[in-house]
1. Note down the Stokes-Einstein diffusion coefficient of the chain in µm²/s, whole number, using a Kirkwood radius over alpha carbon pairs, 37 °C, and 0.692 mPa s.
2. Net charge within 10 Å of residue 204 by Cβ-Cβ distance, Lys/Arg positive one each and Asp/Glu negative one each, not counting residue 204 itself?
3. Give me the 1.4 Å probe accessible area per residue for segment 57-198, excluding ligands and nucleic acids, in Å².
4. Measure off, as a whole percent, the carbon and sulfur share of the 1.4 Å-probe accessible area of segment 1-76, all protein chains present.
5. What is the distance, in nm, between label points placed 7 Å from the Cα along the Cα-to-Cβ direction at residue 4 and at residue 138?
6. Tell me the net charge near residue 27. Cut-off is 12 Å between Cβ atoms, residue 27 excluded, with +1 for each Lys or Arg and -1 for each Asp or Glu.
7. Rounding to the nearest 20 debye, state how big the charge dipole of the chain is about its Cα centre with +1 on each Lys and Arg Cβ and -1 on each Asp and Glu Cβ.
8. In a Gaussian network model over the chain where Cα atoms closer than 10 Å are linked, find which of 80, 183, 217 has the largest mean-square fluctuation.
Amino acid sequence: MDYLTNLGETFFDWKIIGDVLPSMFAVGLPNTLVLAISSGIIGTMLGMLLALMGISRNPVARWIARGYTDIFRGLPAILTILAISLGFGPVLREFTGITSPYPMGVAALSLISSAYIGEIFRSGIQSVDKGQLEAARALGFGYGPSMRMVVVPQGVRRVLPALMNQFIALIKDSSLVFTIGVTSRERELFQIGQDTAANTGNLSPYVAAAIFYLALTIPLTHLVNWIDARLRTGRAQDRAEKIEPDEAAAVVGKGAHG
């Protein structure tokens, strides 16, 4: 019982949790969302470029995309964040005068996410039946317009659940930005929890941060499942709509022969 009491006091001191909640709401939550959303948008744009380079007819473009993806998927995220911040942070300060490491954190998360998103897009685009491209070309579209207006939209639609999962991963990976030493107004949820835990000698602030992360990721996880189920249902309905006319024609044919 003493062990359970000590465990409760260490991780579930509700007074400490209550004291840290305002700063997590006012500072940690907005910064976490800014890091995740901004790096998600930039990573999506870079990822689409990588996907198109990866399926390009140009071997140099394919080689560049493959090398980029292998590097940023192969390195640990925390190592990439430190390398970008320590390597390019001084250059940023020299040319722009910006001393905050925050932009470097966004840049690192964007580069990491783009490598994964690029592979998601590439797999989605390549999963589209080649007949779609051939049909568009037969209608007079060039290769570029056919890809842009026919193939790529279908590929993106197929990988929406995987893209949402990647955004959930970005929310969690934003906690790694604490390693580059952001200012007090730039701290995300984990950094606030860590600082408060160090000041109080209690681990309850980590629990408060965990509650925030769960409040963000669990609804998104269910949204991913809903989107996936919706897309699967839509495909089933599309198939049914294609089958029904054929069945009706067969019935009419049988009636005519009868």
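The values are calculated or read from the model by the stated rules, or taken from the named source; none is laboratory data. Not measured: the values here are computed from a predicted model. Using ideal geometry, Cβ is built from the backbone for each residue, glycine included, and neighbour counts are taken over all protein chains shown. For accessibility, only protein heavy atoms count, side chains too; no ligands or nucleic acids. Shrake-Rupley method; radii C 1.70, N 1.55, O 1.52, S 1.80 Å.
1. After rounding, the answer is 151 µm²/s.
2. Once positives and negatives cancel, what remains is -2.
3. With the other protein chains kept in place, segment 57-198 gives 52 Å² per residue.
4. With neighbouring chains kept in place, the figure for segment 1-76 is 73 percent.
5. Computed distance between label sites residue 4 and residue 138 equals 7.1 nm.
6. It works out to a net charge of -1.
7. Using only the charged Cβ atoms, the result is roughly 1040 debye.
8. Evaluated over the chain, the most mobile residue of the options is 183.
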